[in-house]
């Protein structure tokens, strides 16, 4: 076996997602398994170079995980000028992402990034076009496609379980503490529109790729947004006005006529089995898929519910569904996509979750906000480079 070291500039790893899912559970997990075997006698060994604004935080991370202190930097330009670095990864706040990716493209680095890729569609498309013109490879994190629950759901779709799919109903969210007497689980910038916050900007890019990949392209969107909690408290315990939406209620028409309804909220208490669930109803069967589990009810086993408000329900409706077995071992979704992207670069494996796919997510968020502001249903045009 030949070991090939791959140096990856990772910008934003002091944040919750960048640290937990991308550094620890992806890149460091690949190292812990001995690297990534390309199947041709080559093993990729990822070497993270930690980039950020707070040097002390970067040093602490490097020390905690036994990384070389020389591989930290607060100077992005210097890192991008380093010819030994092959890949630039971005998990910064959205408002800082676009400019940093432009610099990385200009430096000839392959790009892997969290979403949304930019604050608007024009910027997202520009990044995709610049990357294509530069001849580099590029990918966007679309982690929910790799969740066990959605992988099981895709298995059902590919096997024709549903017949003609009629509708999708999605419920996502949880109560994010206001920050006054319990510390908020999300950073305060998420609730300031001027800093790129808002649940539409955060979640509609997810719903775009989930719907697009599993069910079909989104043709139209109608959304209603709300700021249910108008005042919150920041990391220093100071009150601030929430200027961004913390809940969104969307209706999406898909190619082929399927209708999707998805509620997203940071102001809802959970009465579900999982934090996100999708119910898919088809002519031949239905399924409810979450992060890990998936339950089904086939046409042949559908009970006959009887509406009678005068007597208590005698059946437990959840017991009438069948659990879909794992039938496989599921790795962490972020790690699985990192491995696919690395194989795309170094083994030319197929990969289509690129910056253009990321731009579709930005487009849907932009149109969702416009729909809510205008009170209208908007067409979602196809975009191309």
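The values are calculated or read from the model by the stated rules, or taken from the named source; none is laboratory data. A quick note: this is a predicted structure, and the numbers were derived from the prediction, not measured. Neighbour counts are summed over all protein chains in view; Cβ atoms, including those assigned to glycine, are modelled from backbone coordinates with ideal geometry.
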Any hit, region 21-37, residues being out of contact with any strand residue (DSSP E or B) (no Cβ under 9 Å at 6 or more places or on another chain), closer than 18 Å to residue 88 by Cβ and at pLDDT below 95: no
Number of positions in region 225-264 that are in contact (Cβ under 8 Å) with a residue 40 or more places away in the chain, assigned to a loop (DSSP other than H, G, I, E, B) and under 22 Å from residue 194 (Cα atoms): 9
Candidates 357, 287, filtered to the one that is surrounded by 11 or more Cβ atoms within 10 Å (Cβ to Cβ), in contact (Cβ under 8 Å) with a residue 24 or more places away in the chain, not assigned by TED's automatic domain parsing to the domain that holds residue 124 and not in a helix (DSSP H, G or I): 287
Output for region 101-122, where each listed residue is outside any loop (DSSP other than H, G, I, E, B) and surrounded by fewer than 19 Cβ atoms within 10 Å (Cβ to Cβ): 102, 103, 106, 122
Meets criteria (more than 22 Å from the chain's Cα centre (by Cα), loosely packed, with under 10 Cβ neighbours inside 10 Å and either farther than 20 Å from residue 163 by Cα or assigned by TED's automatic domain parsing to the domain that holds residue 210 (or both)) for residue 300: yes
Residue list for region 126-142, restricted to those being touching a helix residue (DSSP H, G or I) at 6+ places or on another chain (Cβ under 6 Å), surrounded by fewer than 22 Cβ atoms within 10 Å (Cβ to Cβ) and part of a helix (DSSP H, G or I): 130, 134
Among (1) within 29 Å of residue 381 (Cβ to Cβ); (2) surrounded by 22 or more Cβ atoms within 10 Å (Cβ to Cβ); (3) in contact (Cβ under 8 Å) with a residue 60 or more places away in the chain, the one test that residue 93 misses: (2)
Region 12-40 residues that are in the same structural domain as residue 74 (by TED's automatic domain parsing) and at positive phi, paired with ones that are in a strand (DSSP E or B) and crowded, with 19+ Cβ neighbours inside 10 Å (beta carbon under 7 Å, 6 or more apart): 12/90; 35/44
Top-ranked residue in region 90-100 [being in contact with a strand residue (DSSP E or B) (Cβ under 9 Å, 6 or more places away or on another chain) and in a helix (DSSP H, G or I); ranked as farthest from residue 9 (Cα to Cα)]: 96
Qualifying residues in region 311-334 (those that are assigned to a helix (DSSP H, G or I) and in contact (Cβ under 8 Å) with a residue 24 or more places away in the chain) - the one farthest from residue 285 (Cα to Cα): 334
One residue from 262, 229 being within 27 Å of residue 317 (Cα to Cα) and at pLDDT 95 or above: 262
Count of region 68-89 residues which are at pLDDT 95 or above, over 29 Å from residue 194 (Cα atoms) and outside any helix (DSSP H, G or I): 8
The lone exception for residue 145 - which of (1) outside any helix (DSSP H, G or I); (2) under 11 Å from the mean Cα position of the chain (by Cα) it fails: (1)
